[in-house]
Structure formats: structure tokens, C-alpha cells
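Peer 1: I have a structure here, written as C-alpha cells, and I will follow up with some questions on it.
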Amino acid sequence: MKSLRNHIRKIISENIQLADKIYFKIKELSEEDKNLILKITNGDNYTKLISDIYFYLKKYPYKMNGIEKTMTEYYNQLKNYDKNIFPINGFNNIDKVEEISKFVCCLDYREKLLKLYDQLPSIAIRNLKDDIKKPRDCNSFGDHQNDLDYFVTHLQLLSNKNEEAKNKIYQKMFKSNISLEDLLRFVEEKENLIGGYDITKDEVLKLVSDNNDMELLFDKNNVLIVKVESPEAIKEIGCNSLWCFTYGTGFDSAYRQWYNYSTNNMVYVIIDFKKSIDDPDFMNVVIKPIDFKNKEEEINDEKIYDLKNEPQYNPIRYLQDTIGISNAKKLLTFKIY
């Protein structure tokens, strides 16, 4: 035990001496800088590397969010570094200033990646292990972080679903030994993200009867039209959709989108039970008044959206095929103030 303690003391001493030789004795860093570094590291075997990072960052003060706080964050990253989780190429062979700049870049991207991976379900972590263990340099870290950020944004589209519906989609999404590249392809095909909850006509009718912000306007040939008058109500009935006002919480997400895209706090939901629940046309939402007099298709663009949150290519034809134009004119009457 005594020899182990002596060995540790020797390593610490060598690290302080090396930092002294390169930075402090020749006044590259001040005594104040030295005291701050030693306050963070207690002279342990990260002292030289923290001194390297400190010296590099002193040239770029805009990177600093408070010197001591910034350096403490880097120190904690180094102490908690796990070579099996986003390993950095050349982690144990850093010498030159230009290598330190790339190393700091890797640390920054790696920290962002760890925070993004915290937002993934456990099944994702298990099945992305090959991606997680792959060594990277600064450029590949940046590419991976951008791709993961894009994927996490799409994954949040499932936040309006209950656990059972989400898990069904997760099982399709996170297959064994899948890569982030595979996941990006999965979310690009938005049909993969809709559905999940096996909603029936009886369930919709009960939901409408129990909710004062919904009204059943049409029930014929297995097609329903429901008038919806609140953000809470649209989240309930649109739980299988990617409509922007059905996912997220708080004013800055679903609620803000509801007030932006509904017409005077009202939309109409058209449900076609002749189609499967994972067909984009199973449910459409009408968010703006339809101009039935104008025959130009673009006049009514972006007024009716399918489950993928994509506008109907020809809204008039869609209404004709599902409920008939006469019913559409009579029932889809927005309040215009």
C-alpha cells in the first residue's frame, strides 16, 4: 500500500513539474493562473492536460463562460471520461497546441452528444452500442452530433403518444445493432412515426361525448367529422398524428402552434375508418376555411393536413371523395370575426 501511495505522489509531482516547466517558469501562465489550475486539479495527473487546455483557451476568451467554471467543466469531463463511450481519437497522445485545439473540439462535441443520448429511450442506447464505441475526431464528432440532434428532434414528435403506442414504434425503430444512419432513414419516412394507438370508432365517439371542446358533426359511411375547439382536445383526438399542435407541452410548443394554426380556436378533424390507423389519410385536420368557389388548387394549399402533417395535394378532391362537397360546405364553417 505504501509503494502505491509513493507511486501516486510521484505521478502527481511529475505532472506539476511538467506544467511548471512548460507554462509557469517561463511565464506563459501567471502565478494566479497556476493557483487556479491547482485549485481545480489538486495537482493530480490531469494537471498538465488542464494546463494545456487553459493555455489554449486563454487565447480565445470568448469560449470561456467564467474561467474557473469552464476549466472545472473540462476537468470533470476528463475525470469521468470512459473510453467505451464516444472515445476520442488520440486521447492519450496529445502534445502540440494544434492537437489541443482539436482535443477541446472533441470534448465539446462529446459533451453535447452525451446530453443528446440522455434523451433517448434505453432500448436505443442498447442497440446503438456500435455507434457509441466508435472512436472519432473533431469532424466526425461534429457530423454525428448534427445527425443525432436532427434525430432527437424527430423523436420528440412521439411525445403526444401514450407509452404503449410509443413502445410499438420504438420496437420498429430501434432494432438490434442499428446505426444512427439507419434511424435517420427511419424518421425521414414519416409513415413510420404515425399510428401506434389502435383507436376505434367507438373510442372516438366516447371521447367526443366526454369532452366539451369536441362536437360530432357527421357520422356516415364510416367517416366522422369532429369539430375541435381547444389545444387540449386536439392533443387527445390527434394522438396518432404528427400535427404540430399535438405534441410537446407548454405555451412554447403545442399551445403556441394551436393558436398559430387554428382558425379562431377551431379546427375540424375528418376520420375515415375505412382506412387503417397507420394510413396517413386515416385522419385529416382542416385548419382554414376552404374556398369552394375558386378552382385553382393552390388557393386551398396547406388548409388540410394528413397524419404525417403534410398538406393534402388537392383539398377539394379529398373532401369530395370523403364527405362530399355539399356536406363540406355545410359543415366546415369557421367563425370569421
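The values are calculated or read from the model by the stated rules, or taken from the named source; none is laboratory data. What you are looking at is a predicted structure, and each value in this text was computed from that prediction instead of being measured. In this analysis, Cβ positions are derived from the backbone assuming ideal geometry, glycine residues included, and neighbour counts consider all displayed protein chains.
Peer 1: From the residues in region 184-211 that are surrounded by 12 or more Cβ atoms within 10 Å (Cβ to Cβ) and β-branched (Val, Ile, Thr), which one is farthest from TYR305 (Cα to Cα)?
Peer 2: VAL208
Peer 1: Please verify whether region 187-209 includes one or more residues that are under 19 Å from the mean Cα position of the chain (by Cα), under 17 Å from ILE123 (Cα atoms) and among the hydrophobic types (A, V, I, L, M, F, W, C).
Peer 2: For region 187-209, residues under 19 Å from the mean Cα position of the chain (by Cα), under 17 Å from ILE123 (Cα atoms) and among the hydrophobic types (A, V, I, L, M, F, W, C): present.
Peer 1: Another one. Hey, could you check region 221-236 for residues that are over 24 Å from LEU158 (Cβ atoms) and out of contact with any Phe, Trp or Tyr (no Cβ under 6 Å at 6 or more places or on another chain) and say which is surrounded by the most Cβ atoms within 10 Å (Cβ to Cβ)? It would help to see each step written out before you state the result.
Peer 2: Just the residues of region 221-236 that are over 24 Å from LEU158 (Cβ atoms), to begin with: 221-225, 227, 229.
Then keep just the ones that are out of contact with any Phe, Trp or Tyr (no Cβ under 6 Å at 6 or more places or on another chain); that gives 221, 223-224, 229.
Details: ASN221: 11, VAL223: 18, LEU224: 21, GLU229: 18.
In this case the residue turns out to be LEU224.
Peer 1: Which of (1) among the hydrophobic types (A, V, I, L, M, F, W, C); (2) in contact (Cβ under 8 Å) with a residue 24 or more places away in the chain; (3) in the same structural domain as ILE237 (by TED's automatic domain parsing); (4) crowded, with 19+ Cβ neighbours inside 10 Å is the odd one out, the single condition PHE141 does not satisfy?
Peer 2: Only one criterion in (1) among the hydrophobic types (A, V, I, L, M, F, W, C); (2) in contact (Cβ under 8 Å) with a residue 24 or more places away in the chain; (3) in the same structural domain as ILE237 (by TED's automatic domain parsing); (4) crowded, with 19+ Cβ neighbours inside 10 Å is unmet by PHE141, namely (3).
Peer 1: Testing PHE174 on (1) outside the structural domain of ASN264 (by TED's automatic domain parsing); (2) closer than 19 Å to PRO280 by Cα, one condition comes back false. Which one is that?
Peer 2: The failed condition is (2).
Peer 1: Collect the residues in region 177-230 that are over 27 Å from LEU331 (Cα atoms) and free of Cβ contacts under 8 Å to residues at least 24 places away in the same chain, keeping them in residue-number order.
Peer 2: ASP182, ARG185, PHE186, GLU188, GLU189, ASN192
Peer 1: Against the condition closer than 25 Å to LEU205 by Cα, surrounded by 16 or more Cβ atoms within 10 Å (Cβ to Cβ), among the aliphatic types (A, V, I, L, M) and over 26 Å from the mean Cα position of the chain (by Cα), how does LEU307 come out, does it pass?
Peer 2: Considered against the rule, which asks whether it is closer than 25 Å to LEU205 by Cα, surrounded by 16 or more Cβ atoms within 10 Å (Cβ to Cβ), among the aliphatic types (A, V, I, L, M) and over 26 Å from the mean Cα position of the chain (by Cα), LEU307 comes out as no.
Peer 1: Hey, among ILE53, ILE88, ILE22, which residue is β-branched (Val, Ile, Thr) and modelled with pLDDT under 85?
Peer 2: None of the other options fit; the residue is ILE22.
Peer 1: Output the residue which, of all residues in region 271-292 that are over 11 Å from VAL228 (Cα atoms) and in contact with a Ser or Thr (Cβ under 7 Å, 6 or more places away or on another chain), is surrounded by the most Cβ atoms within 10 Å (Cβ to Cβ).
Peer 2: MET283
Peer 1: Same structure again: Quick check, is TYR150 part of a helix (DSSP H, G or I), more than 30 Å from ASP52 (Cα to Cα), modelled with pLDDT of 90 or more and aromatic (Phe, Trp, Tyr)?
Peer 2: For TYR150, the condition - part of a helix (DSSP H, G or I), more than 30 Å from ASP52 (Cα to Cα), modelled with pLDDT of 90 or more and aromatic (Phe, Trp, Tyr) - is met.
Peer 1: List the strands (runs of 3 or more DSSP E) that sit entirely inside region 182-294 and contain at least 2 residues that are on the phi > 0 side of the Ramachandran plot.
Peer 2: Those strands (runs of 3 or more DSSP E) do not exist here; none qualify.
Peer 1: Additional query: Is it true that TYR259 is in the same structural domain as GLU302 (by TED's automatic domain parsing) and at pLDDT below 90?
Peer 2: Judged against the criteria, TYR259 is not a match.
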